[in-house]
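The values are calculated or read from the model by the stated rules, or taken from the named source; none is laboratory data. Remember, predicted model here, so these are calculated numbers, not experimental data. Cβ: placed from backbone, ideal geometry, glycine included. Neighbour counts: every protein chain shown. Note: areas computed on protein heavy atoms with side chains; ligands, DNA, RNA excluded. Shrake-Rupley method; radii C 1.70, N 1.55, O 1.52, S 1.80 Å.
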Amino acid sequence: MHVDVPAKVQEIYDAVLRRNPGEDEFHQAVREVLDSLAVVLGRHSEYAEMKTIERICEPERQIIFRVPWQDDSGEVQINRGFRVEFNSALGPYKGGLRFHPSVNLGIVKFLGFEQIFKNALTGMPIGGGKGGSDFDPKGRSDAEVMRFCQSFMTELYRHLGEYTDVPAGDIGVGAREIGYLFGQYKRITNRYESGVLTGKGLGWGGALVRTEATGYGAAFFAEAMMDVRGESFDGKRVVVSGSGNVAVYGIEKVHQMGGTAVACSDSSGYVVDEKGIDLDLLKQVKEVERGRIADYAERRGSASFVAGGSIWDVPCDVAIPSATQNELDGDAAGTLAGNGCRYVVEGANMPATPAAVKAFREAGVAFAPGKAANAGGVATSALEMQQNASRDRWTFEHSEARLAEIMRDIHSRCHETAEEYGSPGDLVLGANVAGFLQVAEAVHAHGLI
Ligand code: GLU
């Protein structure tokens, strides 16, 4: 079968636009992958014939449900819950839950779509899915968060299972929320099914290093990128946006590797700390007190707080955007490159806009997409599932060594695939092609389902 590749890619994209109106982030994520896949269709006409890409762009199942709950004042609140079970070619649906007011179907689909390829790249047997709610945990009491989580799980539980769909955390969902969700799942099903959720507490089925994994993983990935250029983190100045789980543990590993993280942020602004971010204080403010980044600057003499503004104005050698999607645009990318930044490693999911990625490519800045660089979190979730299945418990050292190995493997796969497909150094293409090929082969093998 002869395939007119550019026309085919455009046709697939047009159909995605037409069938999923208004889902901008989903369109963006699909576009980026499709742009990389032209080279694959040229070599694999069977994927065109069997509409493998079209099938991967269509979620296997999408669940949208009402989540009613009562706040502390007795007022009834209604939120919307989502779970998009995107692709199970490689294993049970796997991916986090995000609780944030910005969550809608398009956001969940973009995240779920990314997750398919990310999970494939880990080499672990996990499919792709994502979920969440427009619930805003900010300012809510523990009791309110618990009631919300219980209501959310009262609907979601029927779709989950250790061999079916295994959620975890994401923005707004950490150990506290996973605890409430797990408790409700156990109560409804009368099953202590450890493998149904990951990111559990260490005392009841959780795995060491899962908390640190996404941030540590991004740092390991950055280290591998530097290694092929004969460099290391030693003496490098690093800017990490965000101050959640990914940012905190990204900074921790950067410091352990000899770099200095000088800035981080939250939605109100950013702090610059020329002495290097004091991690104990950052953890105290963000994790223990659930406070604002401005509180950090108030308590630390060497730090200053900038309200609003762009953290990407801070000069650095390495940038690790770890806040949220589309936080780094073309202008910010130009500023970073102009200030001498040479490595950009996505800790969050799709934090760089397409214009930013283009600007980095043109300026010769080494760029790692989130689906490769932040895969350490979900990879360690798969290690948690492995420990649950064997009723075992690994040491911190063993788990961290496995994570480091997985991140190095992902980097080499992306690096080598980019070379093999004629775009040396292009980790975006390498990640998309390597992830796609693994999924596509399994989709193809399973027949038309
Ligand atoms: N939410 C994380 C991600 O974006 C982790 C998902 C998981 O552990 O299942 O990959």
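Structure summary
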item	result
Solvent-accessible area, 1.4 Å probe, carbon plus sulfur percent, for the chain	48 percent
Simple spin-label estimate for residue 18 and residue 444 in nanometres, 7 Å along Cα-Cβ	2.7 nm
Near-label residues of segment 336-376 by backbone N, under 11 Å of a point 7 Å along Cα→Cβ of residue 102	349-352
Pairs beyond 28 Å (Cα-Cα), from 118/200; 138/283; 94/275; 138/358; 138/200; 94/358	94/275; 138/358; 94/358
Inter-label distance, nm, simple model (7 Å from Cα along the C-beta direction), residue 50/residue 189	3.0 nm
Solvent-accessible heavy-atom area per residue, rounded to whole Å², over the chain at 1.4 Å	39 Å²
Estimated FRET transfer efficiency when R0 is 41 angstrom, pair residue 398-residue 155 (beta carbons, to 0.05)	0.65
Over segment 236-284, relative contact order from alpha-carbon pairs under 8 Å, at least 6 apart, %	38 percent
Relative contact order computed over segment 240-387 (Cα-Cα under 8 Å; 6+ residues apart), in percent	19 percent
Cα gyration tensor shape of segment 1-128, rounded if a/c is under 1.5, else prolate or oblate by comparing a/b with b/c	prolate
Relative contact order of the chain, pairs being alpha-carbon contacts under 8 Å that are 6 or more residues apart, as %	15 percent
Overall form of segment 138-297 per C-alpha gyration tensor (a/c, 1.5; a/b vs b/c)	oblate
³J(HN,Hα) computed for each position of segment 425-438 - Karplus, 6.51 cos²θ - 1.76 cosθ + 1.60, integer Hz, glycine/proline x	x, 8, 6, 5, 4, x, 5, 5, 5, 4, x, 4, 4, 5
Coil-residue GluC sites (Glu not before Pro) of segment 223-318, DSSP, other Cβ within 10 Å capped at 10	289
Tensor-based shape of segment 52-197 (alpha-carbon gyration tensor, a/c under 1.5 rounded, otherwise prolate or oblate)	prolate
Helix-derived mean residue ellipticity, 222 nm - over the chain, DSSP H n ≥ 4, -39500 (n - 2.57), to 500	-15000 deg cm²/dmol
For segment 171-187, Karplus couplings with θ = phi - 60° (6.51, -1.76, 1.60), whole Hz, Gly/Pro x	4, x, 10, x, 4, 4, 5, 4, x, 5, 5, 5, x, 5, 4, 5, 5
Pairwise centroid distance, computed over Cα atoms, of segment 180-204 with segment 98-158, Å	16 Å
FRET efficiency for residue 313 and residue 66, using Cβ-Cβ distance with R0 set to 35 Å, rounded to 0.05	0.25
